[in-house]
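Report on one structure; see the data block that follows.
The values are calculated or read from the model by the stated rules, or taken from the named source; none is laboratory data. Predicted model only: the values in this text are computed from it and were never measured. A quick note on method: Cβ atoms are made from the backbone with ideal geometry, for glycine too, and the neighbour counts reach across all protein chains shown. With ligands, DNA and RNA removed, areas are computed over all heavy atoms of the protein, side chains included. Shrake-Rupley method; radii C 1.70, N 1.55, O 1.52, S 1.80 Å.
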Amino acid sequence: MSADTGSAFAPHAVDRLRQFCESQSTRVFNARGIALQRCPSCMLGHNTCICAWRKPTASTIDFVLLMHRDEVYKPTNTGRLIADLYPDQCQAFLWDRTRPDAELLALLDDPGRHCQVVFPPRDRETRIIETQVGAPDNQRRPTVILLDGTWKQARKMYSQATWLRALPVLDLTDAMTELDQQLGHYKVRQACETGRLATAEAAALCLQAAQDQANVHHLLNYFTVFNEHYVATRMNRKPARLKAHCDLENSQ
């Protein structure tokens, strides 16, 4: 079970961000698994490539990935799965505590968007908390900001970026309850506490809150396939064929 169709896809936001980081880097990136021959699109091994199950589509909401620099290079990153499926509705930027990208700031200030930061509200939260995706008037484009990094990194991104503090926080507690049995199955990175999910899972919660059921299933199926294929890559075995593979093959 393999495919190598990565060249069939145009670079999306995460691809372009990675290319930018590589162009600015002054050292060669070396890490565990660097010797593995990878698909240039999905970043998995050629024998476990998931590009055959990548079915780009449209979503009811837009996604903005605010990525920690470390995540840009990691093949375990799941933010790129969002960009894979919604390339026209996903933008990616590097997080910077004091010097955010001017294009990002313009996006956050766009009067045609209603932007919300996805993060679990803290006790005594001082920011505005919203439970509905998008603006109540439904006149502005729903846009969710996903903090893409480890939990420790995401917490710092949330707390230290003063330019994010004016945005409302999207509370996904209800959506998490509704999808409870379908979350928390990321085998590559184990969360130390319940509710700490992969970025792709957080995006699925946003879609659930927006009542976009078709895309909830589409994204979670793709995440499941990625999960199985990445584990197969690490264990040097053939990926198992799952129901998620069939569902993606049958999707339009």
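Using DSSP to define loop residues, name the GluC sites (Glu not before Pro) in segment 57-145 whose beta-carbon has at most 14 other beta-carbon atoms within 10 Å.
Those that pass, being in a loop and sparsely packed, are 125.
Given a 1.4 Å probe and every protein chain left where it sits, what share in percent of the accessible area of segment 87-190 is carbon and sulfur?
It is 46 percent, rounded to a whole number.
Under 8 Å for C-alpha pairs, at least 6 residues apart: give me the relative contact order for the chain, rounded to a whole percent.
That works out to 22 percent.
Once you keep just the Cα pairs under 8 angstrom separated by 6 or more residues, what percentage relative contact order results for segment 116-186?
Relative CO of segment 116-186 lands at 49 percent.
Using per-residue counts of other Cβ atoms within 10 Å, averaged over each peptide, order 82-95, 45-58, 11-24 from highest down.
Per-residue mean Cβ counts within 10 Å order the peptides as 82-95, 45-58, 11-24.
For the chain, what does the equivalent ellipsoid look like in terms of its semi-axes, each the square root of 5 times an eigenvalue of the Cα gyration tensor, given largest first in whole Å?
The answer is 28, 21, 17 Å, longest axis first.
For segment 45-86, give the percent of accessible area contributed by carbon and sulfur heavy atoms, probe 1.4 Å, rounded to a whole number.
52
List the pair-distance distribution P(r) of segment 4-143, using every Cα-Cα distance, as the percent of pairs falling in each 10 Å bin from 0 up to the bin containing the longest distance, rounded to whole percents.
Once binned at 10 Å, the Cα pair distances of segment 4-143 give 10, 35, 33, 17, 5, 0.
Rounded to whole Å and ordered largest first, report the semi-axes of the equivalent ellipsoid of segment 95-138 derived from its Cα gyration tensor (root of 5λ).
21, 18, 7
Which entries in the list 74/243; 156/238; 55/156; 74/238 go over 31 Å, if you measure between the two C-alpha atoms of each?
Beyond 31 Å: 156/238; 55/156.
How many percent of DSSP beta bridges within the chain run antiparallel, rounded to 5?
In the chain, approximately 5 percent of DSSP beta bridges are antiparallel ones.
Specify the inter-centroid distance of segment 69-112 and segment 199-252, based on alpha-carbon positions, in whole Å.
21
If you roll a 1.4 Å probe over the heavy atoms of the protein chains, what accessible area per residue do you get for segment 33-171, in Å²?
Ligands and nucleic acids excluded, the result is 45 Å² per residue.
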